[in-house]
Amino acid sequence: MASLVPNRLYADFLMPSRIGDYSAMLARAQAASYRVTSIERFWAEAAQHDGQPRQRTLILRHDVDTDPSTAAAMWNAERALGITETSYFFRLSTVDVALMQAIEGADGNVGYHYEELATLAKARRLRGRDDVLERLGEAQQSFRRNLQDLRERTGLRLAVAASHGDFVNRRLGLPNWILLEPEDVRRECGIELEAYDDAFMRGVTSRHSDTGHPRYWTTGNPIEAIDRREPVVYLLVHPRHWRRAPIINARDDARRLADGLRYGLPGRGLLGGR
């Protein structure tokens, strides 16, 4: 625990850019004959081929939690390698209409990184699972409004969604994706896939997510999976872990600390994972 604060400070304010490492990892996958693709494209093609990919596949997902400028830098690094079919999910707080439209225009996939359940719990200071579940319809209605607004602002389909994780979700044991469990809600909202759907994840043979300094990976280094030629590698990355953005990070840390204090969990909003 004592190392959490200095590690977080280093990652947020001092860490050199790791975009070069990111490019090298993707180039290594290409050299191993991996096709890099988006969640949406993989899902569509899996449905046509009985869930079996046509070749080694790396599904690349970006959750843009805090820093659209680094997301753009990662996207530029991908394009330099000829990679265009990747997935980017934006929160309401990180929406960058021009970037989102550019990614879609280059054959990428943009989706909504939603968090209405956590937002409701924090706003109402709901500390019990039952209290939150009683208001599930209210959170779903907020999701409908926010998604429709995003579609109008961007002109994009936004047919794939990915749940964001917040300290409130972890405390309650309720992920945001329970909003989209009912099929009628999905149909009404035009959501074709949630990134955490079991049906989608069954096609993945090796799953990896990045994290902060000094670990960098939560479930093993994906390069090891690439080197052993796993058939389908699923890679989730967050721009924040690849390039420092001191002003953005300071604002986000302050906001998360304030959320934790208002909710009654001092300190957890600052250092909790995503």
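What whole-number volume per residue, in cubic angstrom, does the convex hull of the C-alpha atoms of the chain give? Intermediate results must be reported in sequence, preceding the final value.
Values: hull volume 34.7 nm³, N = 274.
Cα-based convex hull of the chain, divided per residue, equals 127 Å³.
If r is the Cβ-Cβ distance from Ala24 to Gln48 and R0 is 30 Å, what FRET efficiency results, to the nearest 0.05? Present the calculation step by step, with values, prior to reporting the outcome.
Numbers: r = 32 Å, r/R0 = 1.08.
Calculated value: 0.40.
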Handout entry: Value of [θ]222 nm, deg cm²/dmol, for the chain, DSSP H segments ≥ 4, -39500 (n - 2.57) each, nearest 500
Key = -14000 deg cm²/dmol
Exercise for the section: Using only the Cα atoms, work out Rg/Rh for the range 1-56, with Rh taken as the Kirkwood radius, to two decimals. Expected result: 1.25
Problem - Whole-percent carbon and sulfur share, accessible surface of the chain, 1.4 Å - result: 50 percent
Practice task
Describe numerically, in nm with one decimal, the distance between label points set 7 Å from Cα along Cα→Cβ at Arg262 and at Gln55.
Solution key: 4.9 nm
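Work out the P(r) tail for the range 1-130: percent of alpha carbon pairs separated by more than 20 Å, whole number. Kindly include the intermediate steps, with their values, before the conclusion.
Numbers: 4865 of 8385 pairs.
That fraction is 58 percent.
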Fill in the blank from the handout: HN-Hα couplings for the range 120-133 via Karplus (6.51, -1.76, 1.60; θ = phi - 60°), in whole Hz with x for Gly/Pro, come out as 5, 4, 5, 5, 9, 6, 7, 10, x, 4, 5, 4, 6, 5
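Assuming a ≥ b ≥ c are the square roots of the Cα gyration tensor eigenvalues, decide whether the range 119-210 counts as rounded (a/c under 1.5), prolate (otherwise, with a/b larger than b/c) or oblate.
Details: a/c = 1.75, a/b = 1.13, b/c = 1.55.
Note, shape of the range 119-210 comes out oblate.
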Handout entry: Local electrostatic count at Asp197 - Lys and Arg +1, Asp and Glu -1, tallied over other residues with Cβ under 11 Å
Key = -2
Fill in the blank from the handout: Sequence order, the range 90-96: Karplus ³J(HN,Hα) from phi using 6.51 cos²θ - 1.76 cosθ + 1.60, θ = phi - 60°, Hz rounded, Gly and Pro as x, gives 10, 7, 4, 7, 10, 4, 10
Practice task
Along Cα→Cβ, 7 Å out, is where each label goes; now give me the distance between the ones at Arg125 and Tyr216 in nm to one decimal.
Solution key: 4.3 nm
Completion exercise
Quick shape summary for the range 147-274, equivalent ellipsoid via Cα gyration tensor, semi-axes whole Å in descending order, reads 26, 24, 16
Handout entry: Where the Cα pairs of the range 65-109 fall when distances are cut into 5 Å bins, in %
Key = 6, 23, 37, 24, 9, 2
Handout entry: Value of relative contact order over the chain, rounded to a whole percent, pairs C-alpha under 8 Å and six or more apart
Key = 26 percent
Handout entry: the range 64-187, relative contact order [Cα under 8 Å, separation at least 6], %
Key = 26 percent
Practice task
Return, ordered by residue number, the residues of the range 135-154 whose backbone nitrogen is under 13 Å from a label point located 7 Å along Cα→Cβ of Ile178.
Solution key: 135-140
Handout entry: Cα pair distances in the range 117-163, grouped into 5 Å bins until the bin that holds the longest one, percent each
Key = 5, 20, 25, 18, 15, 10, 6, 1
Problem - Span from the the range 170-210 Cα centroid across to the the range 89-157 one, whole angstrom - result: 13 Å
Exercise for the section: With a 1.4 Å probe and every protein chain left in place, work out the accessible area per residue of the chain in Å², rounded to a whole number. Expected result: 45 Å²
Practice task
Report the local net charge at Met74: Lys and Arg +1, Asp and Glu -1, summed over other residues whose C-beta lies under 12 Å from its C-beta.
Solution key: 0
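The values are calculated or read from the model by the stated rules, or taken from the named source; none is laboratory data. Note that the coordinates shown come from a computational prediction; the quantities given were computed from them, not determined experimentally. In this analysis, Cβ positions are derived from the backbone assuming ideal geometry, glycine residues included, and neighbour counts consider all displayed protein chains. Just so you know, the surface numbers come from the protein's heavy atoms only, side chains and all, with ligands and any DNA or RNA stripped out. Shrake-Rupley method; radii C 1.70, N 1.55, O 1.52, S 1.80 Å.
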